[in-house]
Structures are given as structure tokens and as C-alpha cells.
1. Distance between the C-alpha centers of the range 147-177 and the range 75-106? Whole Å please.
2. Can you tell me the equivalent ellipsoid semi-axes for the range 82-139? Use √(5λ) from the Cα gyration tensor, largest first, whole Å.
3. List the trypsin sites (Lys or Arg not before Pro) within the range 30-70 that DSSP assigns to loop and that have no more than 16 neighbouring Cβ atoms inside 10 Å.
4. Which peptide among 117-125, 230-238 comes first, and what is the full order, when sorted by highest mean count of other Cβ atoms within 10 Å?
5. Ordered by packing density, taken as the mean number of other Cβ atoms within 10 Å over each peptide's residues, highest first, how do 148-157, 178-187, 205-214 rank?
6. At what distance in nm do the modelled label points of Thr59 and Gln223 sit from each other, each positioned 7 Å from its Cα along Cα→Cβ?
7. Could you pull out the pairs from Lys36/Lys78; Lys158/Lys187; Lys158/Lys184 whose alpha carbons sit more than 32 Å apart here?
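Readers should treat all values here as calculations from the given coordinates under stated rules, not as data from a laboratory. Being a predicted model, the structure only gives us computed values, none of them experimental. Here Cβ is always computed from backbone atoms with ideal geometry, including for glycine, and neighbour counts include all displayed protein chains.
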Amino acid sequence: MRLDPLGCRLPSSVRQVGGEVEKVSDTAPNTVVIGKYRLDPVAEFEGPRMQPPAMFTKTDPQHLARLLERTPAGSYDKAANQLFTSVHTWLVRDDAGMVLLVDTCFGNLKNRLPTHPFFHMQKNDWLSKLAALGVQPEDVTHVINTHLHLDHVGWNTKLVDGVWKPTFHRARHIMPRLEVDLVKAGKWMRHEVWHEVNLRSIADSVVPVIDAGLADFVDPEFQVASDIRLLPCYGHSPGMLLVEILRRIERCNCRRRSAASPVAGAQSQREYRVLRKA
Ligand SMILES: [Zn+2]
């Protein structure tokens, strides 16, 4: 096994070049390094999924048609009128042992009603993909559910002897307090079409984690780690949080030594990048 500058296990597609990480093949083409964090997407589904109006329900059709003309290749199949989508987790690791998952897709064997076949009773290899990146469920230290829709909480639990148990039993599960409060108040997902399936996902993918004492309910500005915080991103769901990852660049300003200033000064410059989940 090789280790990258962060101490993470590197797939064969990534090698170290002058202290930076560079992609050299397509084995892990989406690996990203932001500051001290390495990010890998773990896809549960990738492919053509839906017609554009189903995704952009409130967009003017003519405006949407103009936008689709400019859509990059691989994002939209014009002949089939299908948008390509990806349902994935971001695996975020640092060199201090943090193993963080941002959202957990829709999971296996979840009864979401045959009316929702995309999510219903799936049997996929998401855990194997996670293992291929060197991570077992017991290694995970943090899970962030950016919001409580069914395709963002699914792998929180897995079926063990007929009972839904936390998959990541050593991890803190970070959830938006606002959405948990809506669930408790019976005001979660009142949209008819999705009401039943989302109630099912709350019951089998969120409640078991809370009952196990593994959940933390947080508000915007919550600091997950030294350079990771959660920001409000309401709209797609009532309390959705956005994950902000800070890249901190340390820059040394070396000054001429003098009796008055014998020590070189240092200052840090901050640069922000944002990882958005929707
Ligand atoms: Zn959602």
C-alpha cells in the first residue's frame, strides 16, 4: 500500500508529484485534494435518469431548452431526452484519522414502494466501492446528512437479522436540526407523491441512528473540523446544509533579520472552495 502526503491510502491512479497529488489514470479520475483533505466520490448510481422538466420543475420550458443546448457532453442525451445524474457520497479524509462521509445515498433493501423503482429494494455494491478506496464501515468517524431526503440517508443503516442497524457504528451522524424538528412535528415532506417513501426512509435510515445515540443535530455555521463547516442552503429542502471546505495556504514572509525583528514573520492566506451537495 502506498500513502499519499496526507497519509491516505492512494489508489493506483494517484501518485505524488512534488508534494501535490496528481491524477495519472482513470481509475480514480475524480479524486480531489483541498488543503489537507482528500475527497473521493463514491457513486451509487451514475447514468441517464430523467427528462429535464422532471428535474427543473419550475423552469420555463423554452429557457430550459436553450440551457440544454449548452449542456456539456455527457450530461444530457438529446436523442433520448434524458439527463445524466449521479447519486454519490463524498468521502473526505485527512491525515489525522478523520474519515467523513457526506451523504449516504439510498442504500440496499429499502422498501420504497414499487411506485419508486429507482430507490426500491436496491442491491448495489456501494460498500464494495467504499472498501476499494480503503475504507470499512468501522473506519468512518463522521457522517454528514446534508438533508434528510431518502437518497441522502440510505446507507446510514443496513439490515441485520431483520433489524435496521447503523452501518457506521463508530461515527457521529451530523444532521440539520431544523429538519429533525420538522420530522418530530409531523411537518416533514408534505408533498403527496413523496410523503410515504420519505416517512419510510426516516423510519429505517434516520431513527435507528438517533436511537443508537449516534446523531448530532446541528445549526448553520457548525464547525465539523478545523477547516470544514456547514452553511445554510435552504430551498431544495427546508433545512439543507452545504459543506464548506477551507483550503488554508500557509505563506512565509521572510524578512531581513535585525535586532528589532529577529524572527521571520508568517501569515496565512485563506482560500475557500465549496463542495455542494444537492
Ligand atoms: Zn434532496
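1. 17 Å
2. Details: eigenvalues 138, 35, 18 Å².
Semi-axis lengths for the range 82-139 are 26, 13, 10 Å.
3. Working: sites: Lys36, Arg38, Arg49, Lys58, Arg66, Arg70; in loops: Lys36, Lys58, Arg70.
Hits after loop and neighbour filter: Lys58, Arg70.
4. Working: 117-125: 13.6, 230-238: 15.4.
By packing density, highest mean first, the sequence is 230-238, 117-125.
5. Numbers: 148-157: 25.4, 178-187: 15.2, 205-214: 17.5.
Descending packing order for the listed peptides: 148-157, 205-214, 178-187.
6. That separation, rounded to one decimal, is 3.8 nm.
7. Details: Lys36/Lys78 40 Å; Lys158/Lys187 26 Å; Lys158/Lys184 23 Å.
From Lys36/Lys78; Lys158/Lys187; Lys158/Lys184, over 32 Å: Lys36/Lys78.
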